[in-house]
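A.B. asks: Sharing a structure, written as structure tokens. Questions coming.
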Amino acid sequence: MNFDFTEDQQEIKKTARDLLSSRSSLAKVREAAEGKAYDPALWSELVELGWPGIAIAEEHGGQGLGAVELAILSEELGYALAASPFLATVTAAEAIGIAGTPEQQAQWLPLLASGEATGTIGSAGGLVPDADAAAVIVLIGEDGVARVLARAEAEVTPVDSIDPTRRAARVYAPPTHGEALGGDSAAAIDRATVVVAAELVGVAQRALEMTLAYVKDRRQFDTPVGAYQAVSHKCAQMLKDTEGARSATYFAAWAADAEPDRLPEAASLAKAAASDGGRDVTASAIQAHGGIGFTWEADVHWLYKRAQVDAALLGGSGTHRARLARLLAARLQPAAA
Amino acid sequence: MDLTFSDSEAAFRDELRAWFEINDPGTMPTGDDAAYAWRRDWQRRLAEGGWAGVHWPREYGGRNATMTESAIFFEELGRARAPLPANVLGLLLAGPTIMTYGTDEQKERYLSPILTADEIWCQGFSEPDAGSDLAALKTKAVKDGDDWVITGQKVWTSGAQYSKWCMLVARTDLDVPKHKGLTYFLMDMEQEGVQIRPLVQITGEPEFNELFIEGARVPDENVLGGVGNGWRVALTTLMNERSGLAFFLQVRLRQLLDELIEEAAERGLLDDPVVADRIGYLHMKAEILRLTAYRGLTTIEKYGTPGPEGSLTKWMWSETNQELAQFAADLLGADALTTGNRWAYELLRSRGNTIEGGTTEILKNIVAERVLGLPRLKGAAA
């Protein structure tokens, strides 16, 4: 039993943290959000590092690492609040990588791994991240079956979501367009879901750290406000929510490769915990910052906005709690299932 | 990252499971004294099988178990629906503290009877005016020849009525600041100067007691860790308190939740979306507790010091156990509100979970101060 990263994995985490602290500083995130344009230099650098293909098989031009390494990067990009099509692209690659037909994989994975093209996954009717520029869209229908569409096969309508650090769109495609994933759509969606959960963990971690720095510094009544238990206990709760989401998410990332039979439950566990945790922690961050936290000028609102949109992506906590209940009922009453 | 047990951990678990197969603890008898005697007998059987103090070093009769193996022991104990051993305070608190601070004579004298449950231990720390603020305790010890004479009052003393020995912290020097001037004693409970009064809790059971200590005598050789060193020794006891048990508790929580889901299924309630949502929520919380406990274990084993996870699991468990009991009352209605029903018992007993062994408020202080590095408010302590 070793519920911790290997040395290599820790190295990936550290490299990502260091690099993103300068390349995706909050000033740059703000620039991207306010200018409604991603920094192309950031994306080129991520591509050069091979990050979009970190979990794509080597035969398709990726690095052939696993879901844990991908979760690490996703968490760090969430921590940095990076404005880039990374999440959308790697979640599409996860789906096609586990459930695509050999043709679908051969067609799309090398393009996604090399960064020549971006992709995305999302639900018909939901907000689909970065769909406007994606070459390939994995679209989940109401029946839970995912289709692979070239962008030209879909109607993509860009929308301004509440999160201006990431582009979003509504996507519609007639039933005759595209081609269903060859394998199990649920497995494809579950693997993508874990990546979103990991991003939420990073967002929550950043919100906690920004809040701690603020409440240690801000003084009222001649005392740092973080000394008041109304504030310090809120911070303790933020840690509990962040660490709880982290436990569930790391478990799911591990299960995705090591024990895929447990992935359905683990992915829903992770997404339910990370959606709740991400929203609660970022909301608390605004509250603990007081008036300044409610201003456009402070940066905490970017975290809250990202958490809100991520929480809904690939199913919110309510959807995943309902699924957990179904899985449990089936386990306890195998005959009735 | 590897969340499977190693070969040696799996072998440990399998050996233990095989032992539990043959050694069924049976059903707990009714009545407090009978139940206690049953738990005492259970510990004797554990000791005979070499399972009573798995985390103890071999030289003291333990198995030298790793932290993970110790966690496995408590998980399997829960899974076998076996009770905690009667002398759990001796095994988890008194024993390790004596191993750390005891003289050779003290180790020789006290450790073996702890393991076999021949001598039960209780913990005399809290007082009416010293709860979370332990260092404010007032019980006094005055030197008289080769003895110390103890006067004062202790409270929340679990199992005092069955105990031979008490881990007692008393003030031996009134002229120094409150954390200094404390001494840790091993006090014989079987003497005139110690009077025990049961405290009946909201469930109607007397799990704990008040101790009235009036001129009780403790010989000098029963000082543990030196005169005036009581705060440090007491902290050792308290630090031992929360490891291991978390795994027993998380398994018990899991069992309760599974039983509640079965009850919901029998009543045809699983398709109700409100019920399903609540079950999904509690399952998520139970799993987060289990996984966070394992993460904490890895942190201690790998880095030697507990990470933030270690401070969170007791908080998570107590909160979830209360939410579970409250949900049972919503789900089962009148049944769960009728005395004698197990869920009615849980509804009452679980209120103690966020108080016993460190209130949630104190845990939050500890997290804020020691994990998050937030400043301490004047007068408040973690």
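Since every read-out is calculated from the coordinates, none of them should be taken as a lab result. Predicted model, so just to flag it, every value in this text is computed and none were measured. Note that each Cβ is placed from the backbone with ideal geometry, even for glycine, and that neighbours are counted across all protein chains shown.
A.B. asks: In Å and from the alpha-carbon atoms only, list the Rg and Dmax of chain A.
C.D. replies: Just the Cα atoms of chain A yield Rg and Dmax of 19.6, 67 Å.
A.B. asks: Would you order B:303, A:38, B:110 from fewest to most other beta-carbon atoms within 10 Å of each residue's own beta-carbon? Intermediate values should be presented prior to the final figure.
C.D. replies: Values: B:303 10, A:38 18, B:110 22.
Lowest count first: B:303, A:38, B:110.
A.B. asks: Next question, about the same structure. With label points built 7 Å along Cα→Cβ from the Cα atoms of residue A:180 and residue B:201, find their separation and express it in nm.
C.D. replies: 5.6 nm
A.B. asks: How would you rank B:122, A:235, going from fewest to most other Cβ atoms within 10 Å of each one's own Cβ?
C.D. replies: Details: B:122 28, A:235 25.
Fewest-to-most ranking of B:122, A:235: A:235, B:122.
A.B. asks: What shape does the stretch B:121-229 have by the C-alpha gyration tensor, where a ≥ b ≥ c are the square roots of the eigenvalues, rounded means a/c under 1.5, and otherwise prolate means a/b greater than b/c and oblate the rest?
C.D. replies: Details: a/c = 2.18, a/b = 1.42, b/c = 1.53.
It comes out oblate by the Cα gyration axes.
A.B. asks: Loop-only check: which GluC sites (Glu not before Pro) in the stretch A:210-303 are DSSP coil with at most 13 other Cβ within 10 angstrom?
C.D. replies: Here the GluC sites (Glu not before Pro) that fit, given the DSSP loop and packing criteria, are A:297.
A.B. asks: Shifting gears a bit: In percent, what relative contact order does chain A have, based on Cα pairs under 8 Å that are 6 or more apart in sequence?
C.D. replies: Working: 632 pairs, mean separation 52.6, N = 337.
After rounding, I find 16 percent.
A.B. asks: Would you mind checking which residues have amide H under 5 Å from residue A:125's amide H? H placed 1.01 Å from N; only 5 or more apart, or other chain.
C.D. replies: A:171
A.B. asks: With runs of 4+ DSSP H residues as the only contributors, calculate the mean residue ellipticity of chain B at 222 nm using -39,500 (n - 2.57) per run, divided by the residue total and rounded to the nearest 500.
C.D. replies: The helix contribution divided over chain B gives -14500 deg cm²/dmol.
A.B. asks: Among B:361, B:105, B:323, which one moves the most in a GNM of chain B with springs linking Cα atoms closer than 10 Å?
C.D. replies: Fluctuation is largest for B:105.
A.B. asks: Hey, another quick one. Once you average over the residues of B:290-298, how many Cβ atoms of partner chains fall within 10 Å of each Cβ? Intermediate results must be reported in sequence, preceding the final value.
C.D. replies: Numbers: counts 2, 14, 8, 2, 5, 7, 3, 3, 4.
So the per-residue partner count for this stretch is 5.
A.B. asks: Which of the peptides A:92-99, A:40-47, A:303-310 is most tightly packed, and how do the rest follow, judged by the mean count of other Cβ atoms within 10 Å per residue?
C.D. replies: Working: A:92-99: 27.6, A:40-47: 16.4, A:303-310: 23.2.
Going from most to least packed, we get A:92-99, A:303-310, A:40-47.
A.B. asks: Pairs of alpha-carbon atoms within less than 8 angstrom and 6+ residues apart define the contacts here; what relative contact order does the stretch B:1-112 have, in percent? Intermediate results must be reported in sequence, preceding the final value.
C.D. replies: On the way: 82 pairs, mean separation 27.0, N = 112.
Contact order relative to length: 24 percent.
A.B. asks: Okay, next question. Residues of A:168-176, mean number of Cβ from any other protein chain within 10 Å of their own Cβ, rounded to a whole number?
C.D. replies: Values: counts 0, 0, 0, 0, 0, 0, 0, 0, 0.
Mean shielding by partner chains, rounded to a whole number: 0.
A.B. asks: Additional query: Could you list B:12, A:294, B:5 in order of exposure, starting from the residue whose Cβ has the fewest other Cβ atoms within 10 Å? Walk me through the intermediate numbers first.
C.D. replies: Working: B:12 22, A:294 13, B:5 16.
Listing B:12, A:294, B:5 from fewest to most nearby Cβ atoms yields A:294, B:5, B:12.
A.B. asks: Give the average over all directions of the projected area of the C-alpha convex hull of the stretch B:242-371, one decimal, in nm². Display every interim value, and only then the final one.
C.D. replies: Working: hull surface 33.1 nm².
Convex hull of Cα atoms, orientation-averaged projection: 8.3 nm².
A.B. asks: Determine the principal axes of the Cα atoms in the stretch B:84-161, then give the extent along each, sorted from largest to smallest and rounded to whole angstroms.
C.D. replies: That gives 35, 34, 23 Å along the principal axes, largest extent first.
A.B. asks: Hey, another quick one. Express the relative contact order of chain B as a whole percentage, based on alpha carbon pairs under 8 Å and six or more residues apart in sequence. Kindly include the intermediate steps, with their values, before the conclusion.
C.D. replies: Numbers: 573 pairs, mean separation 45.1, N = 382.
Contact order relative to length: 12 percent.
A.B. asks: Between residue A:2 and residues 5 or more places away or on another chain, which pairs have amide H atoms under 5 Å apart, with H built 1.01 Å from N, and which residues are they?
C.D. replies: Under 5 Å from the amide H of residue A:2: B:2, B:3, B:4.
A.B. asks: Under 20 °C and 1.002 mPa s, how fast does the protein assembly as shown diffuse according to Stokes-Einstein, given a Kirkwood radius computed over C-alpha pairs? Answer in µm²/s, whole number. Walk me through the intermediate numbers first.
C.D. replies: Details: Rh = 27.9 Å.
For these conditions, the coefficient is 77 µm²/s.
A.B. asks: May I pose another question? Taking H placed 1.01 Å from N in the peptide plane, check which residues at least 5 places from residue B:65 or on another chain put their amide H under 5 Å from its amide H.
C.D. replies: Amide H to amide H, under 5 Å and 5 or more residues apart or across chains, residue B:65 pairs with B:55, B:56.
A.B. asks: Moving to a separate point now. Take residue A:2, project a point 7 Å from its Cα along the Cβ direction, then tell me which residues of the stretch A:56-72 have their backbone nitrogen under 17 Å from it.
C.D. replies: A:66-69
A.B. asks: Apply 1/(1 + (r/R0)^6) to the Cβ-Cβ distance of residue A:170 and residue A:142, taking R0 = 22 Å, and write down the FRET efficiency to the nearest 0.05. Kindly include the intermediate steps, with their values, before the conclusion.
C.D. replies: Values: r = 15 Å, r/R0 = 0.66.
Once the sixth-power term is evaluated, E becomes 0.90.
A.B. asks: Report, in whole Å, the centroid distance computed from the Cα atoms of the stretch A:275-327 and the stretch B:238-309.
C.D. replies: 23 Å
A.B. asks: Continuing with this model, one more query. Please find the FRET efficiency linking residue B:24 to residue B:262, where r is the Cβ-Cβ separation and R0 is fixed at 25 Å, and quote it to the nearest 0.05.
C.D. replies: With a Förster radius of 25 Å, E is 0.70.
A.B. asks: Kindly express, to the nearest 10 degrees and within the range 0 to 90, the angle between helix A:26-35's C-alpha long axis and the longest C-alpha principal axis of chain A.
C.D. replies: 60 degrees
A.B. asks: Mind giving me the nanometre distance, one decimal, between the label points for residue B:214 and residue B:147, set 7 Å out from Cα along Cα→Cβ?
C.D. replies: 1.6 nm
A.B. asks: Determine, from the Cβ-Cβ distance of residue B:178 and residue B:33 and an R0 of 51 Å, the FRET efficiency 1/(1 + (r/R0)^6), rounded to the nearest 0.05.
C.D. replies: Numbers: r = 38 Å, r/R0 = 0.75.
After rounding to 0.05, the efficiency reads 0.85.
A.B. asks: For peptide A:271-283, compute the average count of partner chain beta-carbon atoms within 10 Å of each residue's beta-carbon.
C.D. replies: Details: counts 1, 7, 5, 0, 0, 2, 1, 0, 0, 0, 0, 0, 0.
So the per-residue partner count for this stretch is 1.
A.B. asks: Using the Karplus equation 6.51 cos²θ - 1.76 cosθ + 1.60 (θ = phi - 60°), what ³J(HN,Hα) coupling, rounded to whole Hz, does each residue of the stretch B:215-220 give in order, writing x for Gly and Pro?
C.D. replies: x, 5, 10, 10, x, 3
A.B. asks: Right, something else. Spin-label point model (7 Å from Cα, Cβ direction): what's the residue B:58 to residue A:48 distance in nm?
C.D. replies: In this crude label model, residue B:58 to residue A:48 measures out at 5.7 nm.
A.B. asks: Output wanted: per-residue J couplings in Hz (rounded whole) for the stretch B:49-57, from phi through Karplus 6.51 cos²θ - 1.76 cosθ + 1.60, θ = phi - 60°, x for Gly and Pro.
C.D. replies: x, x, 10, 6, x, 4, 7, 6, x
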